[in-house]
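Q: If you scroll down you'll find the structure; I have some questions about it.
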Amino acid sequence: MHNSPLGEKEKLHFMNLNGGFVSVIGAGTMGNGIAHVFAQAGFNVTIVDVSLAQLDKAVANIGKNFDRQVAKGIVTEEQKTTALANITTESNIIEGVKDAELIIEAATENIDLKLKIFEQLDMYAPKECILATNTSSISITKIAAATSRAGKVIGMHFMNPVPVMKLVEIINGYATTKEVTNTIIELSKQLGKVPCAVNDYPGFIANRILMPMINEAIYSLYEGVAGVEEIDTVMKLGMAHPMGPLQLADFIGLDVCLSILHVLHDGFGNPKYAPCPLLVNMVMAGKLGVKSSEGFYTFTAGSKELVVSERFR
Ligand SMILES: NC(=O)c1ccc[n+]([C@@H]2O[C@H](COP(=O)([O-])OP(=O)(O)OC[C@H]3O[C@@H](n4cnc5c(N)ncnc54)[C@H](O)[C@@H]3O)[C@@H](O)[C@H]2O)c1
């Protein structure tokens, strides 16, 4: 197994990362959250994105999220200033990764794009640098095979919103070395997170269990067993879930849910993962949840009220 206790040699390697240089590829929702937690923990962070607008937006969002933490008494104004000073941005990947000891890739979820990025990271990052990916569903083993350092490639699956959510699902690719896994486990703890190491099979653990539950909730609606509110209320009040599965699906994005179900279905070849036809139809109709203002619920900017979509009333 990969998660044996840390040996002296591994500890030493890990300590080199402490306060070291981290590059985050992709300045979107996850990239800015990942940069935030590393900067807060004292690392020098370079955020790399092809879009200058996204880089500007990421820095502004990180500032706002720190302000929220200051208001809540989670960090001091001084800690915020120090953390923000740890962050730089870069649109040229060669410049952005040249000094990195660890890279976390959080670019758009597209396999061809990720394979291309990892080829570049392998080419331009220092030989000792660990290459992690925040992918929700793409095989770590496949990504690793695009590099000449498969032993140093690993999944580091943060949850949204990164500064708030405690879990880091760490995914060992087929070739990931024990030393690299232990380094990433210890590093996650240093960020104040709780790491869980799992192996690389479709959906890892989080999505392999979550997505069939969401799919079953959609099937229950599709078959007329219960309405949107009833399904979500049963799971919230009966199972102590903070959010019902249909509401959560709207937050994740129905297109993202569908694409992960396809990964599970294709990867295992088991019909139990087949996406519900209602989910397929909603995605084709552009009803994607929060991001399109309508899914199982209707979302209005500025309102936190949960309103079931007209379609399901
Ligand atoms: N959003 C979530 O809740 C969530 C949760 C866990 C994991 N993930 C995973 O995190 C990754 C990022 O998701 P997101 O929601 O932050 O996406 P996003 O669309 O918000 O951001 C993606 C960013 O990648 C940038 N990008 C595209 N091509 C690039 C390239 N060649 N080099 C550098 N940057 C590039 C885009 O400009 C964009 O800023 C995906 O792999 C996704 O599966 C997302």
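What follows draws every value from the coordinates through simple rules; no lab data is involved. What you are looking at is a predicted structure, and each value in this text was computed from that prediction instead of being measured. Quick reminder, even Gly has a Cβ in these numbers, built from the backbone with ideal geometry, and neighbours come from all protein chains shown.
Q: Count the net charge of all other residues whose Cβ sits under 12 Å from the Cβ of Phe118, scoring Lys and Arg as +1 and Asp and Glu as -1. Don't skip to the end; give the middle numbers.
A: On the way: positive: Lys114, Lys116, Lys142, Arg149, Lys152; negative: Glu105, Asp112, Glu119, Asp122.
With Lys, Arg at +1 and Asp, Glu at -1, the net is +1.
Q: Pick from Glu223, Glu105, Glu90: which residue has the top mean-square fluctuation in a GNM of the chain where Cα pairs under 10 Å get a spring?
A: Evaluated over the chain, the most mobile residue of the options is Glu223.
Q: In a shell of Cβ-Cβ distance under 12 Å around Val70, excluding Val70 itself, what net charge do Lys and Arg (+1) and Asp and Glu (-1) give? Don't skip to the end; give the middle numbers.
A: Details: positive: Lys64, Arg68, Lys72, Lys80; negative: Asp67, Glu77, Glu78.
Once all neighbours under 12 Å are counted, the net charge is +1.
Q: Okay, moving on. With a 10 Å radius around each residue's Cβ, average the other Cβ atoms per peptide and rank 199-210, 30-41, 168-179, 289-300, highest first. Don't jump to the answer; show the numbers that get you there.
A: Working: 199-210: 17.8, 30-41: 25.0, 168-179: 21.5, 289-300: 19.7.
Ranking, from highest mean packing down: 30-41, 168-179, 289-300, 199-210.
Q: Just for region 8-199, what percent of DSSP beta bridges are antiparallel, to the closest 5? Don't skip to the answer; put the middle values down first.
A: Numbers: 5 of 31 bridges.
Taking every DSSP beta bridge within region 8-199, about 15 percent pair in antiparallel fashion.
Q: Just to be sure I understand the curve: with the Debye formula and one point per C-alpha of region 266-313, what is log10 I(q)/I(0) at q = 0.22 Å⁻¹?
A: Each listed q maps to, in turn, -0.79.
Q: Grab the DSSP H runs of the chain that are 4 residues or longer, score each as -39,500 (n - 2.57), total them, divide by all residues and round the 222 nm result to the nearest 500 deg cm²/dmol.
A: Details: 13 runs with 148 residues, N = 313.
Calculated at 222 nm, the ellipticity per residue is -14500 deg cm²/dmol.
Q: Spelling out what I want: for every residue of region 273-278, take phi, set θ = phi - 60°, compute 6.51 cos²θ - 1.76 cosθ + 1.60 (Karplus), and round to whole Hz; glycine and proline get x.
A: 9, 4, x, 4, x, 5
Q: What does the net charge come to around Gln40 if you take all other residues with beta carbon closer than 15 Å to its beta carbon, with K and R at +1 and D and E at -1?
A: That sum, taken over residues with Cβ under 15 Å, equals +4.
Q: Right, here's the next one. Under a 10 Å cutoff between Cα atoms, tell me which one of Val180, Val263, Val75 has the largest fluctuation in the Gaussian network model of the chain.
A: Comparing Val180, Val263, Val75 in the GNM, the peak value goes to Val75.
Q: Enumerate the aspartates and glutamates that Lys98 could reach by cross-link, defined here as Cα to Cα under 19 Å, with residues fewer than 8 away along the same chain left out.
A: Correct list for Lys98: Asp49, Glu90, Glu119, Asp122, Glu128.
Q: To continue, here is another question. Using modelled amide H (1.01 Å from N, peptide plane; none on Pro or chain starts), what sits under 5 Å from the amide H of Ile25, excluding residues fewer than 5 places away?
A: Placed amide hydrogens put Val48, Ile104, Glu105, Ala106 under 5 Å from Ile25.
Q: Running a GNM on the chain with Cα contacts under 10 Å, which residue among Thr135, Thr147, Thr76 ends up with the highest mean-square fluctuation?
A: Thr76
Q: Here's a follow-up. Percent of Cα-Cα pairs more than 20 Å apart in region 206-312, please.
A: Numbers: 1943 of 5671 pairs.
Of the Cα pairs, 34 percent sit more than 20 Å apart.
Q: With an 8 Å cut-off on Cα pairs and a minimum separation of 6 or more residues, tell me the relative contact order of the chain in percent. Please list the in-between numbers first.
A: Working: 545 pairs, mean separation 41.3, N = 313.
Taking the mean separation of contacting Cα pairs over the length of the chain, I get 13 percent.
Q: Using the crude model of +1 on Lys and Arg Cβ and -1 on Asp and Glu Cβ, and no other charge, please compute the dipole size for region 57-164 relative to its Cα centre, in debye to 20. Spell out each step's value before the answer.
A: Details: 12 positive and 13 negative charges, 53 e Å.
Taking the Cα centre of region 57-164 as origin, the dipole is about 260 debye.
Q: Something else: Sequence neighbours fewer than 8 away in the same chain don't count; with that in mind, list the aspartates and glutamates whose C-alpha is under 18 Å from Lys166.
A: Result set, ordered by chain and number: Glu186.
Q: Taking 37 °C and 0.692 mPa s as the conditions, I'd like the Stokes-Einstein D for the chain in µm²/s, using the Kirkwood hydrodynamic radius from alpha carbon pairs. Present the calculation step by step, with values, prior to reporting the outcome.
A: Numbers: Rh = 20.5 Å.
The calculation lands on 160 µm²/s.
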